[in-house]
């Protein structure tokens, strides 16, 4: 059963086709990899899916609760509310805010109390704030960040910043999670830990995950299916073993890497 | 029709002054992305230097013009060195606040020394007092002087920016500061030079406005400074021809509003133009849209 | 945790009541004479203005150079209404109307301009304030008496009103900041793209912060009109917006208590330099440059005073103030 259908998605900047005619499908509960050489347009696809860029043409359809919704042309915050959350390639945490606030901000979209309660701190304010705090602490405990809740995000070690960013995305209560190079800059031990964690959150949060990653060992190990992007186009799609033996992929991407090595 | 042409002449004269100030704004913005709020005050200093040259030292107009350009150039470079250079890597808001600080400092510092009362410029003599008629349209010698000096300075500026080594460096730094540095361009020197040129032009505008309007005061830089900034935004901030077009446009609009509407509204119209441009096309007449990289 | 929050609330309340009573006693015994009281009014107005601008610029990160425009709307609205209905209710009604009107203009101005970023927004708000000033001076001059200004506005502001509006404004603004909506505003300052991606409707929150800031600036304006009984458009020029910004920057962008401290500090400086207004402005200008170069985060940074610090600080300030009086 598909949860997200991407149909002929295209984005051009001026004359440059950053993404052209990309069609993809994510099935519910799947963990799909999106790989390709540098500049292939992977992050642009993420930016299109999350509304940061508007597609030149093509559609993105979310199938949720037996409904179909068109996501192209919507604002990022609306898409987030529909259930797509993401992390960023170059970590975009709220650096000068605490770990706790980073997570709490991601829960803002569920807040029901209005401006009156905000200004006068009424009962509904304190009830909801308390509930939110509890939820945040639960989330923070999962990644063992609870004892660091009052630390500023920028003071966390690099690996924990990556974790916090994933946690912040989870706090928006998504059904689809887009991870943009979560293992970038990590050592093998950290990558192994991250691999395990991604699998764990998928099970426990009932998520569908789309993952951009350069670390092939990670991608091959955890992804059920892989899309390969080159020059903004999908050049291959299949299981890890299929991708490994796909000639075009080897030419475009793996070959280049092997050649360099 | 004649009245209209007369207004056009007046508008171009006023626009010349705005254009000269706007050039400084636009060049500085182009190179360090800063709205140099102190720029209007450099223009005010230019007017005062001209005043003292002509009254206390009894110099003629052209020597006074050169001296005030020189003093303003030095002032501009000094401001950059003291206030903006330590903030090269600070946030843009921090630098903008600094610029406002410098502006207050110069305005009220000047007021402290020369007193807040307006002073009147010494009358010009000889040829400068004459006016010329074509049909019923009157050109005053001052207007001709303003327009021709502005044109000469603009041609000179275009030559410097397009043909000289330092001009190329300016363009390189404004395109990509890091890359320019890697190519061996001294970014600090280039920025200083940009302030030097921009401030010299503002100095020229200061003395020209002195002989045109006859009255100067320590806060005179505020309004024309803001309007010249509007002119720069109108043309597309960071773009030199844009500032020239914008300057003349704002000058004409102001004169037309005063001439055919109500002179009380000319400031309001200029700011309304600003807000409309910012909303409709923030990159200005000649500007290109840019996008943030995610 | 919950208990601690409640305790802080009670402590705050006690501190507020004590402050109120002490100043009231000092006024009744004429230790605070009219002259000192007018300084106190200025300080309170500046506190409201700075706290409200801090919400827009310090917390939400939207650089506004037109705050005096909203202040002038509150001032003129309240003045015009109290001149017609010269009763306490006229004053309160005028103050509320002024604040609401300022907020409405804030909404109309904010909606289109808040799409702009950084310095473009600064310039747009500056232009907006200039236009408002010109409207009061030249267009609405039947109501505002043009450039000559309005005189003889009935004076209703006393210490009780002043305290109520100042403490109330500061409290409401900090309540807003300490809520999910306030945090959403702060996240826009930190990283607008990330915050949109996390479900924060940045336009809505920017406009909310802007409108709220305008509302409280309107209150400050109304207090000004009602105490100083004379208004003219030129008072609300660009320079006034800058004065407010100085307080916010000096106190720390993102710190309400910083704004309060800076408002008091700058009022003291300008009281000492009253004979030399130019020098006062020169010092303000130099302060800007020096703060930005050496301590860009201002006095408080984005931190708030903690309870123990408040006690320590009020102790010191009390002594200092006693010495000055």
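Contact map, the range C:76-96: residues that are not assigned by TED's automatic domain parsing to the domain that holds residue C:223 paired with residues that are buried (at least 17 other Cβ atoms within 10 Å of the Cβ) and in a helix (DSSP H, G or I), Cβ distance under 7 Å, separation 6+ or inter-chain. No pairs are found. Here residue C:145 does not qualify as surrounded by fewer than 22 Cβ atoms within 10 Å (Cβ to Cβ) and within 13 Å of chain A (Cβ to nearest Cβ).
The criterion of at least 2 residues that are closer than 30 Å to residue B:109 by Cα is met by the following helices (runs of 4 or more DSSP H) wholly inside the range B:167-284: B:187-213, B:222-235, B:240-260, B:266-280.
Kindly indicate whether any position in the range A:128-151 is at the interface with chain C (Cβ under 10 Å from one of its Cβ atoms) and farther than 30 Å from residue A:65 by Cβ.
Within the range A:128-151, not a single residue is at the interface with chain C (Cβ under 10 Å from one of its Cβ atoms) and farther than 30 Å from residue A:65 by Cβ.
Apart from one condition, residue A:45 fits all of (1) closer than 13 Å to residue A:178 by Cβ; (2) within 14 Å of chain C (Cβ to nearest Cβ); the exception is (2). Filtering the range B:68-93 to residues that are more than 27 Å from residue B:211 (Cα to Cα) and either buried (at least 18 other Cβ atoms within 10 Å of the Cβ) or more than 14 Å from every other protein chain (Cβ to nearest Cβ) (or both) leaves B:80, B:83, B:84, B:87, B:93.
Given the criteria within 10 Å of another protein chain (Cβ to nearest Cβ), over 24 Å from residue B:146 (Cα atoms) and crowded, with 23+ Cβ neighbours inside 10 Å, does residue B:265 qualify? So residue B:265 fails the test. None of C:182, C:213, C:218 is in contact (Cβ under 8 Å) with a residue 60 or more places away in the chain and facing another protein chain (nearest Cβ under 9 Å) except C:182. Consider the range C:276-286 and keep the residues that are part of a helix (DSSP H, G or I) and more than 7 Å from chain B (Cβ to nearest Cβ). The one that is nearest to residue B:82 (Cα to Cα) is C:283.
Annotation for the range B:46-65: no member residue is free of Cβ contacts under 8 Å to residues at least 40 places away in the same chain, over 18 Å from the mean Cα position of the chain (by Cα) and within 14 Å of chain C (Cβ to nearest Cβ). In this entry, residue A:32 is excluded by the filter for residues that are closer than 30 Å to residue A:156 by Cβ, in contact (Cβ under 8 Å) with a residue 40 or more places away in the chain, more than 8 Å from chain C (Cβ to nearest Cβ) and assigned to a helix (DSSP H, G or I).
Anything in the range B:113-146 that is at pLDDT below 90 and within 27 Å of residue C:246 (Cα to Cα)? List them, or say none. Of everything in the range B:113-146, those that are at pLDDT below 90 and within 27 Å of residue C:246 (Cα to Cα) turn out to be B:115, B:116.
Taken together, the criteria exclude residue B:96 from residues that are more than 14 Å from chain C (Cβ to nearest Cβ) and buried (at least 21 other Cβ atoms within 10 Å of the Cβ).
The values are calculated or read from the model by the stated rules, or taken from the named source; none is laboratory data. Quick caveat, the model's predicted, so the values are computed rather than measured. For neighbour counting, all protein chains shown are included, and Cβ atoms are generated from backbone atoms with ideal geometry for every residue, glycine included.
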